[in-house]
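S.K.: My questions will all concern the structure given below.
Nothing in this text is a laboratory measurement; each read-out follows from the coordinates by a stated rule. Since this is a predicted model, take the numbers as computed values, not measurements. No Cβ is skipped: glycine too gets one built from the backbone with ideal geometry, and neighbour counts run over all protein chains shown.
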Amino acid sequence: MRIAQVTRNTNETHVKLSINIDGSGEKHIDTGIPFLDHMIDQVSRHGLIDIRIESNGDLHIDDHHSVEDIGITLGMAIKKALGDKIGISRYGESYVPLDESLSRVVIDCSGRPHLEYNVTFTRPYVGKFDIDLIREFFQGLVNHALITLHIDNIRGGNSHHQCESIFKAFGIALRKAINKDSRMSGIMPSTKGVL
């Protein structure tokens, strides 16, 4: 089993996170931000990743520090769980529709952090959740998982649908990228010999 536990404590947040990337989608998610819980649930369910998150942050200020630090911590855990990356597929992609919304996510477990984020939301909030924080979540994740991530919302008329299709597509693309391919057994999926 490829598992990892990470704790990140700052003056703004305390995040305790564990994952099993060879899991079945079991989860316990308590970030204090219901909409973020719902989105991470999509990653767990569609990525077949067991995730346990407990976060306490300065939500009395706003959600920014918590959302970013949860992304950072999840990225750290993914990197740790992947280990040397020998035998993984490395690349993953997914298109996911949700009613009128359609999102595409493409991942390369490259060892190089890079985010391409092409999303124009139809409104700035879903409930009380600031939609700008979606980018902060993924930027933190990318920087610490050391992956290349392309996110494109191709169309959408409802911000909730746009977000959910992105997170579902991310979960599926991640599952494909981190999958152990029996034909790659013992092989580093890079001509450099390292990722």
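S.K.: Could you compute the net charge surrounding M188? Neighbours are other residues with a C-beta less than 9 Å from the C-beta of M188; K and R count +1, D and E count -1.
M.R.: With Lys, Arg at +1 and Asp, Glu at -1, the net is +1.
S.K.: I would also like to ask the following. Magnitude of the Cβ-charge dipole of the chain, K/R +1 and D/E -1, about the Cα centre, nearest 20 debye?
M.R.: Using Cβ point charges on Lys, Arg, Asp and Glu, the chain gives about 940 debye.
S.K.: Among rounded, prolate and oblate, which fits the chain when a ≥ b ≥ c are the square roots of the eigenvalues of its C-alpha gyration tensor, a/c under 1.5 means rounded, and a/b larger than b/c means prolate?
M.R.: Because a/c hits 1.5 or more and a/b fails to exceed b/c, the chain counts as oblate.
S.K.: Can I ask one more? Please compute the net charge surrounding N9, taking Lys and Arg as +1 and Asp and Glu as -1 over other residues with Cβ under 10 Å from its Cβ.
M.R.: 0
S.K.: Still on this model: Can you give the net charge of the other residues whose Cβ lies under 14 Å from the Cβ of I51, counting K and R as +1 and D and E as -1? Kindly include the intermediate steps, with their values, before the conclusion.
M.R.: Working: positive: R2, K16, K27, R45, R52, K80, R175; negative: D22, E26, D30, D37, D41, D50, E54.
Here the charged neighbours net out to 0.
S.K.: Let me check against my output: what whole-number percent is the relative contact order of region 88-184, with C-alpha pairs under 8 Å and at least 6 apart?
M.R.: Reported relative contact order: 48 percent.
S.K.: Kindly work out what percent of the DSSP beta bridges joining two residues of the chain are antiparallel, to the nearest 5.
M.R.: 80 percent
S.K.: Now for a different question. What residue among N9, T73, N179 has its Cα farthest toward the positive end of the dipole of the chain, where the charges are +1 on Lys, Arg and -1 on Asp, Glu, each on the Cβ?
M.R.: After comparing all options, I get N179.
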